[in-house]
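First up is the structure itself, then whatever we jot down about it.
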Amino acid sequence: MSGFRHTFARALSSAGLLAVVAALSLPLTGPAMAQSAIAAQVAKPVSLPDIAIGSAKARVTSTEYASMSCPHCAAFGENVFPMLRSRYIDTGKVRFVFREFPLDITAAASSMLARCIGKDDPEKYLAVVATLFKQLDRLMAQTKDTLKLVGKLNGMSDQEVESCEKDQVLLDKLAADQRYALDTLKVVSTPTFFVNGQKLQGAMSFEELEAIIKPMLKR
């Protein structure tokens with residue numbers, strides 16, 4: 001594990017991700033942006049393809065910034081997302097976008113694996129995320145072995161998993177997207193949600209999220 005962690009520390013440092021993590025404690029500055037302007041900035045294409053499900057014509061778009069090492073993100077994925085999906089996403093009312101905001105090396109490695117497995121299939125990607133969240137304790141304690149296990153469950157050999165984790169182009173794109181979220185959208189923690197541009201930070205229950213979504217559907 002030490003060699004694996006050293007490899008990622010070097011890669012993340014060169015890509016600037018460690019600098020991003022260090023900057024998470026910086027205070028927010030500057031005037032508040034209008035909600036519509038924020039929505040436009042959230043919707044702006046980034047380096048990696050968006051993981052998006054639901055109708056592109058939905059009146060509400062909910063974008064989540066999450067870290068694969070975040071227990072609150074895991075709790076949202078297990079307890080809130082299924083209800084959000086069945087009641088709003090699958091019914092065409094809400095479009096859901098998932099974006100990575102890795103808070104540490106383990107989260108970055110996990111995001112990269114999910115990208116390699118999911119490729120351009122959002123459903124497959126989200127299925128990998130769900131598996132990783134269910135394995136969160138094991139992932140944090142035995143990162144390398146857990147990533148290889150998840151890779152194997154999805155038809156990848158150990159060598160293919162290792163090659164994925166050494167993909168500098170993928171890592172650079174992940175770092176660039178995180179930098180955009182930090183600098184432009186002022187994302188400093190996970191989970192952070194943008195619901196039609198309205199910024200929401202921290203753990204949320206389904207009831208809290210629904211109370212925000214319902215009025216937007218009536219506008």
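The values are calculated or read from the model by the stated rules, or taken from the named source; none is laboratory data. These figures come from a predicted structure and were not determined experimentally. Because the Cβ atoms are built from the backbone with ideal geometry, glycine has one as well, and the counts that use them run over all protein chains shown.
A few points about this structure:
- Filtered residues of region 120-148 (kept if surrounded by fewer than 17 Cβ atoms within 10 Å (Cβ to Cβ) and either touching a Gly at 6+ places or on another chain (Cβ under 8 Å) or of a type in the set (A, V, I, L, M, F, W, C) (or both)): LYS124, ALA127, ALA130, MET140, ALA141
- Residue match in region 189-210 (condition: surrounded by 19 or more Cβ atoms within 10 Å (Cβ to Cβ), in contact with a Ser or Thr (Cβ under 6 Å, 6 or more places away or on another chain), farther than 25 Å from SER86 by Cα and β-branched (Val, Ile, Thr)): no
- Residue within region 18-28 that is in contact with a helix residue (DSSP H, G or I) (Cβ under 9 Å, 6 or more places away or on another chain), at pLDDT 95 or above, within 21 Å of GLN168 (Cα to Cα) and aliphatic (A, V, I, L, M) present: no
- Of residues in region 131-164 being of a type in the set (Gly, Ala, Ser) and part of a helix (DSSP H, G or I), the one farthest from MET68 (Cα to Cα): SER163
- The residue pairs whose first member lies in region 179-193 and is of a type in the set (Asp, Glu), whose second member is part of a loop (DSSP other than H, G, I, E, B), and whose beta carbons are closer than 9 Å, counting only pairs six or more residues apart or on different chains, do not exist in this structure.
- Cβ-Cβ contacts under 6 Å between residues 6 or more apart (or on different chains), taken from a first residue in region 199-219 that is within 21 Å of SER67 (Cβ to Cβ) to a second residue that is in a strand (DSSP E or B), are listed as LEU200/PHE193; GLN201/THR192.
- Test: PHE98 is modelled with pLDDT of 95 or more, under 29 Å from GLY155 (Cβ atoms), among the aromatic types (Phe, Trp, Tyr) and touching an Asp or Glu at 6+ places or on another chain (Cβ under 7 Å): yes
- Selection count, region 76-116, where residues are among the aliphatic types (A, V, I, L, M) and under 19 Å from VAL188 (Cα atoms): 5
- Cβ-Cβ distances below 8 Å connect the following pairs, each with a first residue in region 73-90 that is over 12 Å from GLU210 (Cα atoms) and of a type in the set (Gly, Ala, Ser), a second residue that is modelled with pLDDT of 95 or more and in a helix (DSSP H, G or I), and a separation of six or more residues or different chains: ALA74/PHE133; ALA74/LYS134; ALA74/LEU136; GLY77/VAL129; GLY77/ALA130; GLY77/PHE133.
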